[in-house]
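To keep things clear, I will list the structure first and then write my remarks on it.
The values are calculated or read from the model by the stated rules, or taken from the named source; none is laboratory data. As the structure is a computational prediction, the values presented were derived from the model and not from experiment. Here the Cβ positions follow ideal geometry from the backbone for every residue, glycine too, while neighbour counts run over all protein chains shown. Ligands, DNA and RNA are stripped out before the accessible areas are found, and what is left, the full protein with its side chains, is counted by its heavy atoms. Shrake-Rupley method; radii C 1.70, N 1.55, O 1.52, S 1.80 Å.
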Amino acid sequence: MTADDERATVESAYAIARRAHAGQVDKLGVPYIKHVAAVADGLVDFDPEVQIAAMLHDVVEDTDLTLDDLREHGVSPRSMAAIGLVSRNLHPELSYLEGIERICSSPDATLVKISDNAHNSRPDRVSALKRMTGEKPTPRYAAARAMLFAVARREDVERILRRVNPSLLLDY
């Protein structure tokens, strides 16, 4: 499919993500597509362009796909802009928090990153990682949330947190 043939849909974005992340697992050994789907599910109340960006938020960073590949699959420039901002490998010169600051320049990328951060910060995931690796939770996620929450609409943040990680509402 080319961009001229058909625009990407949430369903086609899921198919792209499923193929791209096939065989990948997260640090807990869970199929990586479950994280991607959870991040996208956090944005189900938002428009399809944001949902597509969420579904594809890690493909450029963690697979062989490029933004050009996504364009060929009909992913819109708006969705690709958000994906480009959240793909850390495209901005290696930036520290983690500098990357978050850059993400905050885009409302769409901000929403995607809030959902991503919320899923990565779920208490069950954090405690399981601590048991498996002995690693303590990284404080950079909390610092990133403060930056992201400051630029997003409160009702949007709350809507995402209710779906992805309600425990974060206690700190919000």
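Before moving on, here are some points about what is shown:
- Rotationally averaged projected area of region 48-172 (alpha carbon convex hull; nm²): 8.0 nm²
- Accessible carbon and sulfur surface of the chain relative to its total accessible area, %, 1.4 Å: 52 percent
- K34 paired with S95, simple spin-label distance in nm, labels 7 Å along Cα-to-beta-carbon: 3.4 nm
- Amide H contacts of V25 (H built 1.01 Å from N, under 5 Å, at least 5 apart or other chain): Y32
- Of the GluC sites (Glu not before Pro) in region 92-146, those whose Cβ has at most 11 other Cβ within 10 Å and which sit in DSSP loop: E93, E135
- Accessible area per residue, Å², region 109-166 with all protein chains present, probe 1.4 Å: 52 Å²
- When restricted to Cα atoms, region 6-78 yields an Rg and a Dmax of 11.6, 36 Å, respectively.
- Spin-label model, E158/V10: points 7 Å from Cα along the beta carbon direction are separated by 2.2 nm.
- Approximating the spin labels as points 7 Å out from Cα along Cα→Cβ, the D47-to-R71 distance works out to 2.1 nm.
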